[in-house]
Amino acid sequence: QVQLVESGGGLVQAGGSLRLSCAASGRTFSGYLMAWFRQPPGKEREFVGSIRWSGDSTYYVDSVKGRFTISRDNAENTVYLQMNSLKPEDTAVYYCAAGRPPILSYEYWGQGTQVTVSS
């Protein structure tokens, strides 16, 4: 019943921008941490950043800090990942995830959306 559905991926040139969406449904996510992960081809999945469902705090890994921005629209049950100044190394399948802190493992995962950045 609980679903996280990513959308907005595609092909973009280096230096361009994309906005990914994660539509959450099936339960209330109050108290949850919403996160973005990515998995480059041939590599392990890695954490990108997160935002609290309630509150203003965000966190990003250094590799995307200053380029990526996570936001949310609670009324629409949607979390966004705005990606600017994209680089070829950003190419990956991007996933959204949700977990209740303290997080041992994320409880809910989307199916992912492909982002390809050409040079």
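When residue 28 is tested against (1) of a type in the set (S, T, N, Q); (2) touching a Gly at 6+ places or on another chain (Cβ under 8 Å); (3) not in a strand (DSSP E or B), just one condition goes unmet, and that condition is (2).
The combined condition, being under 11 Å from the mean Cα position of the chain (by Cα) and at pLDDT 95 or above, is not fulfilled by residue 24. Within region 34-57, the set of residues being in contact (Cβ under 8 Å) with a residue 60 or more places away in the chain and open to solvent by 30 Å² or more (accessible area, probe 1.4 Å) comprises 39 only. How about region 66-77: which of its residues are out of contact with any Phe, Trp or Tyr (no Cβ under 6 Å at 6 or more places or on another chain), part of a strand (DSSP E or B) and open to solvent by 40 Å² or more (accessible area, probe 1.4 Å)? Of everything in region 66-77, those that are out of contact with any Phe, Trp or Tyr (no Cβ under 6 Å at 6 or more places or on another chain), part of a strand (DSSP E or B) and open to solvent by 40 Å² or more (accessible area, probe 1.4 Å) turn out to be 69, 72, 73.
For region 90-105, a residue qualifies if it is more than 11 Å from residue 4 (Cα to Cα) and open to solvent by less than 40 Å² (accessible area, probe 1.4 Å), and the qualifying residues are 90, 91, 92, 93, 94, 99.
Looking only at region 1-25, filter to residues that are among the hydroxyl-bearing types (Ser, Thr, Tyr) and part of a strand (DSSP E or B); which one of those is least open to solvent (accessible area, probe 1.4 Å)? Spell out the reasoning first.
Taking region 1-25 first, the residues among the hydroxyl-bearing types (Ser, Thr, Tyr) are 7, 17, 21, 25.
Restricting the remaining residues to those that are part of a strand (DSSP E or B) gives 7, 21, 25.
Values: 7: 58, 21: 24, 25: 48 Å².
In this case the residue turns out to be 21.
Checking 94, 80 one by one, the residue that is assigned to a strand (DSSP E or B) and in contact with a Gly (Cβ under 8 Å, 6 or more places away or on another chain) is 94 and no other. Could you tell me whether any residue of region 39-59 is closer than 19 Å to residue 86 by Cβ, in contact with a Leu (Cβ under 6 Å, 6 or more places away or on another chain) and either part of a strand (DSSP E or B) or not aliphatic (A, V, I, L, M) (or both)? Within region 39-59, not a single residue is closer than 19 Å to residue 86 by Cβ, in contact with a Leu (Cβ under 6 Å, 6 or more places away or on another chain) and either part of a strand (DSSP E or B) or not aliphatic (A, V, I, L, M) (or both). Each residue in region 73-99 was checked for being modelled with pLDDT of 95 or more and within 23 Å of residue 32 (Cα to Cα), and 13 of them qualify.
Scanning region 100-118 for residues that are assigned to a loop (DSSP other than H, G, I, E, B), over 13 Å from residue 50 (Cβ atoms) and at pLDDT 95 or above gives 107, 110, 111, 112.
The values are calculated or read from the model by the stated rules, or taken from the named source; none is laboratory data. On a predicted model such as this, the values are computed, not experimentally measured, just so you know. In this analysis, Cβ positions are derived from the backbone assuming ideal geometry, glycine residues included, and neighbour counts consider all displayed protein chains. With ligands, DNA and RNA removed, areas are computed over all heavy atoms of the protein, side chains included. Shrake-Rupley method; radii C 1.70, N 1.55, O 1.52, S 1.80 Å.
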